[in-house]
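Visitor: Take a look at the following structure, please.
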Amino acid sequence: MSTDTDTRAQIMDAFGEQFSATGYPGISLLGVARTVGIRKPSIYHHFPGGKEDLYTAVAIRFIETTHERITEALAEGETFEDRLKALVRVSVEHTGATVSFEQRVYDALDLVSDETRERVSGLYVGQVLDPVVTLFTEAVEDGHVEGDPHFLTNAFLHLARGASLENAGATVDLFLNGARAR
């Protein structure tokens, strides 16, 4: 890895840590520079648009990593239920550890340009939500579940965010069968 690439990654990491802790309004590029051990103008060498360019790069990295993990999870299970359990694990292991980060990415969309908002939200829908919508669309077509695949996706992902590895199966059971006594 070249020094330039390494510095860029260090800047993104420092921004990501500060962003997770404080949200977009609390970001200090001077603080990011100090964390990395560079001068603030050096940030603009790597991210000419400053704070918004950094936000975009860090948000895209998070979305791409989430997409990779979702894709792996969907490929790992043989049954619909297995795939849902794998998605719970992704939620707990990846996004669960960074739910506040994911929420902060969403919250920051109101504070950035329309172009950035469209780019980040479009990527999130295409890489994070759409693969799960496809899973639920196929499950509806196969008769595993009933309902609108988009609604099912959002309901499942919200439920999965509150799960743990120990209760992944119970979370999927609750989603598929409800809490009503049988």
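Every read-out reported here was derived from the displayed coordinates using simple, explicitly stated rules and does not represent laboratory data. Remember, predicted model here, so these are calculated numbers, not experimental data. Every residue, glycine as well, gets a Cβ built from its backbone with ideal geometry; the counts of neighbours run over all protein chains shown.
Visitor: Identify the residue in region 127-182 that is assigned to a loop (DSSP other than H, G, I, E, B) and of a type in the set (A, V, I, L, M, F, W, C) and, among all such residues, is nearest to residue 102 (Cα to Cα).
Guide: Filtering first and then ranking leaves 163.
Visitor: With respect to residue 48, is the statement that it is out of contact with any helix residue (DSSP H, G or I) (no Cβ under 8 Å at 6 or more places or on another chain) and outside any helix (DSSP H, G or I) true?
Guide: Criteria met by residue 48.
Visitor: Considering region 153-182 alone, what residues qualify as being over 15 Å from residue 91 (Cβ atoms) and free of Cβ contacts under 8 Å to residues at least 60 places away in the same chain?
Guide: Residues satisfying the conditions are 173, 177, 178, 179, 180, 181, 182.
Visitor: Failed condition for residue 78, given (1) within 22 Å of residue 156 (Cα to Cα); (2) assigned to a helix (DSSP H, G or I), with all others met?
Guide: (2)
Visitor: Here's a follow-up. Condition first: exposed (fewer than 15 other Cβ atoms within 10 Å of the Cβ) and either outside any helix (DSSP H, G or I) or of a type in the set (D, E, K, R) (or both). Now tell me which residues in region 18-39 satisfy that.
Guide: Within region 18-39, 28, 34, 37, 39 qualify.
Per-residue answers, yes or no, for (1) hydroxyl-bearing (Ser, Thr, Tyr); (2) more than 23 Å from the chain's Cα centre (by Cα); (3) farther than 17 Å from residue 87 by Cβ; (4) loosely packed, with under 13 Cβ neighbours inside 10 Å:
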| position | (1), (2), (3), (4) |
| --- | --- |
| 109 | no, no, yes, no |
| 113 | yes, no, yes, yes |
| 130 | no, no, no, no |
| 135 | no, no, no, no |
| 140 | no, yes, no, no |
| 143 | no, yes, yes, yes |
| 154 | no, no, no, no |
